[in-house]
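Comments concern the structure below.
The values are calculated or read from the model by the stated rules, or taken from the named source; none is laboratory data. Treat the numbers as computed from the prediction; the structure is a model and nothing was measured. Heads up, the Cβs are rebuilt from the backbone with ideal geometry, glycines too, and the neighbour counts pull from every protein chain shown. The accessibility values were calculated without ligands, DNA or RNA, using every heavy atom of the protein model including side chains. Shrake-Rupley method; radii C 1.70, N 1.55, O 1.52, S 1.80 Å.
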Amino acid sequence: MATIAESRPDGNYTHGAMTAHLPPDNVSPRDEIFLQGMRFYGYHGVNPEERVLGQRFSVDVAVAVDLRPAGESDDLGDTVSYSAIYKIVCGIVEGPPRNLLEAVAEEIARELLTAYSPLTRVTVTVGKPEAPLKGATFDAAGVRITRWRNEKDEQT
């Protein structure tokens, strides 16, 4: 078993017992912009008290976009502003109530893919730190979705 990264003839490499597959040269990098641990107050949920009293929500977003142009130019116009991403997420989570976290996450992913054509993939995690589960103790309950701009690009 290899203990350090070793090149293989097929262009991949091994580290321990795991093989990592490198992307072909003609594939753009899978760079990401992420916002982690965003906190909001909203009124989403199926229980009446959630709609009246509201609760805290945590949201993480990662968007895949080629960051090379911005890295080379040092120009905000060559990337997607994480401030703009935050404003979209905030508007949805603090906006009209939805029954399901799935619907909140889906709307965030859809809005981001619609607003920014360079994005190829969006991953959204929406959590309820105080989800109403009697007797349960946990950090959060929630959903995580990944949406691709083109279905043919979707990874399984």
(message) Taking just the alpha-carbon atoms of the range 30-148, what radius of gyration and Dmax come out, in angstrom?
(response) 15.5, 53
(request) Report the local net charge at TYR41: Lys and Arg +1, Asp and Glu -1, summed over other residues whose C-beta lies under 9 Å from its C-beta. (result) +1
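Percent of accessible area on the range 59-156 owned by carbon and sulfur, 1.4 Å probe?
On the way: 2830 of 5850 Å².
Reported share for carbon and sulfur atoms: 48 percent.
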(message) Which order do the peptides 70-80, 36-46, 133-143, 119-129 come out in when sorted by mean C-beta neighbours inside 10 angstrom, highest first?
(response) 119-129, 36-46, 70-80, 133-143
(message) What number comes out for accessible area per residue over the range 49-93 if the probe is 1.4 Å? Units Å², please.
(response) 53
(request) Return the FRET efficiency for the residue pair THR146, ARG68: r is the Cβ-Cβ distance, R0 is 22 Å, and the value is rounded to the nearest 0.05. (result) 0.50
(message) For a quick check of your reading of the filter: which GluC sites (Glu not before Pro) in the range 104-153 sit in a DSSP loop and have no more than 16 other Cβ atoms within 10 Å?
(response) GLU130
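Quick one: what do you get for the range 84-156 if you divide its Cα Rg by 2.2 N^0.38 Å?
The reported ratio for this selection is 1.24.
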